[in-house]
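Read through the structure below, which is laid out as structure tokens, and then see the notes.
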Amino acid sequence: MRDSLFELAPVTEPQRQYYFIENAASLIKLREAELLHPMTFHVTTFGCQMNAKDSEKMTGILTEMGLREVGDEYGADIVLYNTCTIRDNANQKFYGHLGTLNGKSHRNSDRIVAVCGCMMQEPDCVEKLKKSYGFVNIIFGTHNIYKLAELICRHLTGESHVIDIWDKPEEIVEDIPTVRKYPFKSGVNIMYGCNNYCTYCIVPYVRGNERSRDAGEIIKECEKLASEGVKEVMLLGQNVNSYGNGIEGSLSFPELLKEVEKVEGIERIRFMTSHPKDLSDELIQVMKASNKICRHIHLPLQSGSTRILKAMNRRYTKEQYLELAAKIRSELPDVAITTDIIVGFPGETTEDIDDTIDVIRKVRYDGAFTFIYSPRTGTPAASMDGRQSKEWIKAEFDRVLNAVQEESKAMAVRFMGNTESVLVEDVNEQDESLMTGRMSNNLMVHFPGEHSLIGKIVNVKLTECKGFYYMGEMV
Ligand code: 5AD
Ligand code: SF4
């Protein structure tokens, strides 16, 4: 039976995966008859929006296989971890979950444990799992998540340990089932991978070279999402500003935005992330002319020191970054600018941090994520000299964090008294009578309202600024 199952499989995608989804569903039914209970699954996602999007696709595949999603990670029959390796603490968190899982007994002694994502593209991690975590049944990487049903079929037909990691991406496979976390907003991949090779970053190694999706496919996906009630799309890529580079006849990113804007029913468009070296004047003008593109640009600085930026291979100087930020502030005064900053890069000195703080004070970020540099195996920075002590890094990190918090608090106040359009996302966690929504500039506002407002876009007057969020009233 096993041989014929694999021999009869179509070779073209996605037909091949629909074939395996159907067969996995039958194999699961057989297993359920033995277990005397319906089988369940749980997906734990670490890391960024890309991983979140991948997990939605895998949730779609598992649901299509007839499995039920449950909230109890350690009680599910199929437990899937979608891992991240951007910094070492992401890796440690994952091992923490695996340890807890191993310590918990389960009603089904044949519980299936599957792990995938960025960590699995690192040979050392896979070796460690093979050596010390023998209870993990299925290991796959970032390039073949669409093959989940096929891998589960391999396991269910007798392979106790299935390992399938690809060094390089192959085709982009579209039209895989997806179950979205939110009915009213969705991420849309416009490109995969990254070609920038910032010297600290592992992404190009684990996610592969940059590949842009076909614009027609992206628009088709947005239209489908709109027809399902989605109001806000977030266009996802490691560097959206280089969308279409190197593809003859492809749209540029600003041109793509103009096409997405035409999709009826999509009322808000976000995008993430913008590399400062590639953010064009054309993009600024397209944003200026648009009433659908949200007033938010995430523009990772990483460091304010030209010397460190060079060592990071960021390909812009402090002055060029400041010039770009000033242009955005003058052309788009209501746009919020947020950023990522790394502290403790090899060779960094107090003067370099002074430069970073100088940029923070000049740009006046609306928000920032600050990270401590984490060496990643195989990246150029991991073998650079000049690592500072933990104490130095901690003190400088606090200095950067204080500057960021002071500026973003001061910046948030500028919207006070405005009436803003808000996408209502949730009921307030602390107070059931309040609803929580997101403004175009990505700030959150809490206001009295009915639960039925979730997923709607409403106008809210901002009545009180609480530092990083607002209280308001619907008008
Ligand atoms: N150490 C610390 N922070 C890192 N980032 C990427 N790689 C590292 C690393 N090795 C940060 C960058 C990036 C964000 C997603 O993560 O600031 O913009
Ligand atoms: Fe990493 Fe740089 Fe690519 Fe961003 S642009 S994913 S920081 S290599």
What pairs can you find where one residue is in region 154-175 and farther than 24 Å from Val136 by Cβ, the other is among the basic types (Lys, Arg), and their Cβ atoms are less than 7 Å apart, with a gap of 6+ or different chains? Ile172/Arg211; Ile172/Arg213
Given the options Ile152, Ile163, name the one that is crowded, with 21+ Cβ neighbours inside 10 Å and among the hydrophobic types (A, V, I, L, M, F, W, C). Ile152
Against the condition surrounded by fewer than 19 Cβ atoms within 10 Å (Cβ to Cβ), touching a residue at least 40 places away in the same chain (Cβ under 8 Å), closer than 20 Å to His155 by Cα and not assigned by TED's automatic domain parsing to the domain that holds Asn239, how does His106 come out, does it pass? no
Going by the structure shown, is Ile172 more than 22 Å from Leu67 (Cβ to Cβ), assigned to a loop (DSSP other than H, G, I, E, B) and away from ligand 2 (no atom under 16 Å from the Cβ)? yes
Go through (1) closer than 16 Å to Ile247 by Cβ; (2) in contact with a strand residue (DSSP E or B) (Cβ under 8 Å, 6 or more places away or on another chain); (3) within 16 Å of ligand 1 (Cβ to nearest atom) and name the single condition Ile218 misses. (3)
Within region 379-413, restricting attention to residues that are within 16 Å of ligand 1 (Cβ to nearest atom), outside any loop (DSSP other than H, G, I, E, B) and charged (D, E, K, R), which residue is surrounded by the fewest Cβ atoms within 10 Å (Cβ to Cβ)? Lys390
Number of positions in region 278-308 that are within 16 Å of ligand 1 (Cβ to nearest atom) and free of Cβ contacts under 8 Å to residues at least 40 places away in the same chain: 1
Give the residue, chosen from Gly229, Gly265, Gly208, Gly244, that is touching a residue at least 24 places away in the same chain (Cβ under 8 Å), within 16 Å of ligand 2 (Cβ to nearest atom) and at positive phi. Gly208
Would you mind listing the strands (runs of 3 or more DSSP E) fully within region 68-165 where at least 2 residues are in contact with a His (Cβ under 7 Å, 6 or more places away or on another chain)? 78-83
Go over the candidates Phe253, Phe271 one by one and state the one that is under 20 Å from the mean Cα position of the chain (by Cα), of a type in the set (A, V, I, L, M, F, W, C), over 27 Å from Ile393 (Cβ atoms) and away from ligand 1 (no atom under 16 Å from the Cβ). Phe253
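The values are calculated or read from the model by the stated rules, or taken from the named source; none is laboratory data. Because the structure is a prediction, the values reported are computed rather than measured. Neighbour counts are summed over all protein chains in view; Cβ atoms, including those assigned to glycine, are modelled from backbone coordinates with ideal geometry.
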